[in-house]
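Following: one structure in structure tokens, then a few remarks.
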Amino acid sequence: MARFMIFLVLSAAVAGSREAALAASAETLQSSVAYSEESVRAGRKTYLRLCQYCHGQDGRAQANPDFDAPNLRRPQEWRNGTSDERLFLSIRDGVGHEMPPFRAQLEDEQIWRIVHFLRSIGPRERRGRAGE
Ligand code: HEC
């Protein structure tokens with residue numbers, strides 16, 4: 001039991017420091033691309049090429065036997081933050097064990113354009129740069 005408690009405390013500390021590191025790196029990020037119809041269109045193209053297999057053509061992530069990917073139209077269900085910067089980090093660095101990092105395949109600019117595309121299909125009040 002004591003061992004289990006130590007394990008719990010340690011995991012909480014690791015999760016806490018991961019969250020702190022994420023928050024710190026999200027703060028220093030600055031989008032290098034302005035939100036525009038053009039950036040949304042380009043982001044959509046890359047999205048369809050790299051993300052739709054798991055997240056669905058329209059972001060809704062219809063049943064996929066291999067991956068339990070989240071619905072990218074419902075920020076209220078996301079677990080890793082909803083700001084543009086957090087989305088950028090999820091895409092660049094990957095999420096958990098199932099979502100691969102894309103930093104080797106995508107330039108930062110391409111990742112920001114995907115973030116813009118995700119904004120464009122999300123809730124209306126979050127279109128454009130929400131900057132939460
Ligand atoms: C191999 C399947 C797969 C591919 C390809 C994939 N994802 Fe994911 N994605 C997932 C899974 C599964 C999760 C949930 C992981 C978790 O929470 O452990 C996820 C999580 C995310 C999240 C975080 C949501 C949250 O809960 O905070 C975002 C944002 C995201 N994906 C966007 C993308 C984008 C954009 C692309 C394309 C560049 C992409 N994904 C490609 C499977 C995938």
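The values are calculated or read from the model by the stated rules, or taken from the named source; none is laboratory data. Computed from a predicted model, the values in this text were never measured in an experiment. Don't worry about glycine lacking a Cβ; one is built from the backbone with ideal geometry, like all the others, and counts go over all protein chains shown.
Taken over the stretch 34-72, residues that are in contact with a Gly (Cβ under 9 Å, 6 or more places away or on another chain) and at pLDDT 90 or above amount to 8. Selection of the stretch 55-74 for residues being surrounded by fewer than 17 Cβ atoms within 10 Å (Cβ to Cβ) and either of a type in the set (A, V, I, L, M, F, W, C) or in contact with a Ser or Thr (Cβ under 6 Å, 6 or more places away or on another chain) (or both) yields Ala63, Phe67. Filtered by the rule that a residue be aliphatic (A, V, I, L, M) and surrounded by 12 or more Cβ atoms within 10 Å (Cβ to Cβ), the stretch 14-54 gives Leu22, Ala23, Ala26, Leu29, Val33, Val40, Ala42, Leu48, Leu50. Right, Glu77: surrounded by fewer than 17 Cβ atoms within 10 Å (Cβ to Cβ) and of a type outside the set (Ser, Thr, Tyr) or not? It is true that Glu77 is surrounded by fewer than 17 Cβ atoms within 10 Å (Cβ to Cβ) and of a type outside the set (Ser, Thr, Tyr).
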